[in-house]
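Below: the structure, in structure tokens.
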Amino acid sequence: MEIITKDNGVRVKGVKDLDLAQTLDCGQSFRWVENDGKFSGVAYGKKLNIYYDGDDLCLDNTTAEDFENIWKNYLDLELDYGKIRAEISGLHPVLKEACAYAPGIRILRQEPWEALCTFIISQNNNIKRIKGIVERLCESFGEKTDDYYTFPTAERLAGLSPDDLAPIRAGFRNKYIIDAAKKVSGGEVELEKCRTLDYEKARSELMKIKGVGVKVADCTLLFGLHRVEAFPVDVWMKRAMEKLFPDMTENDFGDYAGIAQQYIFHYSRMHPELFE
């Protein structure tokens, strides 16, 4: 990749295997808004506008230093997804089709607390409503910086009660958010430790939190801690596994099961006729 400084941002040449819509608007993260092919969002306390100009990836409201220290890692640009797709495509013909259908999906490296909190909110919910709840959470309890709000810290939320979260309209999830905040801020649940723990132990660590089951734990591990062996199973993935991969289990997808999961998830959502 070649990074060129431009007015109010950077231009990056040589970016491969990154489709912004497939990556930023597929249910991994809930703070990105698309407007005419350009995405704006907030991560790690910074606001970014990102879009393509021809083949070049353009990032506005940032610096070359922040690109190197935040955004390159957040977008997972140093992992060779082309090589991974070639490897996992041999596992099953349908997976090969799914990889070819949306080769621009990458797994975002999100801030772990934000990932945990937003996937607690995601339970029995749809993307539009999740985004609304997350936006209200940030506006109510995050720090205002220029024209945006940061994601509230676990420490900030730990001092609240479930009733204090009534304005975000998350319903039964309020008590789970507060429990997560108290356990993370108090050290009872150590998110960073989950990067290197044995997978089942990492999952169990997260499941100490009320309302965090296997699916939310797996999503947190995949999208917040980059445990790419994680294979979250929701309604769509359950259908996909039963219909498209009846002779396989999540363990059959190997070290990159989480990346395979994202290709399958997107392919399944975009092809509902497969399940008629």
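If I filter segment 6-14 for residues that are farther than 14 Å from Asn61 by Cα, at pLDDT 95 or above, loosely packed, with under 14 Cβ neighbours inside 10 Å and outside the structural domain of Leu137 (by TED's automatic domain parsing), do I get at least one hit? Checking segment 6-14: at least one residue is farther than 14 Å from Asn61 by Cα, at pLDDT 95 or above, loosely packed, with under 14 Cβ neighbours inside 10 Å and outside the structural domain of Leu137 (by TED's automatic domain parsing).
Would you check if Ile178 is modelled with pLDDT of 95 or more, in a helix (DSSP H, G or I), buried (at least 16 other Cβ atoms within 10 Å of the Cβ) and touching a Ser or Thr at 6+ places or on another chain (Cβ under 7 Å)? When the stated conditions are applied, Ile178 passes them.
Take Glu68 and tell me if it is part of a helix (DSSP H, G or I), within 20 Å of Tyr267 (Cβ to Cβ) and not aliphatic (A, V, I, L, M). Here the answer is no, as Glu68 does not meet what is asked. Go through Ala202, Ala230 for me and flag whichever is at negative phi, modelled with pLDDT of 95 or more and not assigned by TED's automatic domain parsing to the domain that holds Pro152. One residue alone meets the criteria, Ala230.
Summed over segment 230-248, the residues that are among the β-branched types (Val, Ile, Thr) and either farther than 21 Å from Leu206 by Cβ or assigned to a helix (DSSP H, G or I) (or both) give a count of 1.
A count restricted to segment 201-213 and to residues that are under 22 Å from Arg109 (Cβ atoms) and in a helix (DSSP H, G or I) stands at 5.
For the structure I just gave you, tell me whether Arg106 is on the phi < 0 side of the Ramachandran plot, part of a helix (DSSP H, G or I) and either acidic (Asp, Glu) or within 19 Å of the chain's Cα centre (by Cα) (or both). So Arg106 does not fit the description; no.
Within segment 144-171, which residues are surrounded by fewer than 17 Cβ atoms within 10 Å (Cβ to Cβ), free of Cβ contacts under 8 Å to residues at least 24 places away in the same chain and not basic (Lys, Arg)? Selection gives Gly159, Ser161, Pro162, Asp163, Asp164, Ala166, Gly171.
Residues checked against (1) assigned to a strand (DSSP E or B); (2) within 30 Å of Met248 (Cα to Cα):
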site: Thr5; (1), (2): yes, no
site: Gln22; (1), (2): no, yes
site: Phe30; (1), (2): no, no
site: Ser40; (1), (2): yes, no
site: Leu57; (1), (2): yes, no
site: Arg85; (1), (2): no, yes
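The values are calculated or read from the model by the stated rules, or taken from the named source; none is laboratory data. This structure is a prediction, so every number in the text was calculated from the model and none was measured. Methodologically, a virtual Cβ is constructed for each residue, glycine included, from the backbone with ideal geometry; neighbour enumeration extends over all protein chains shown.
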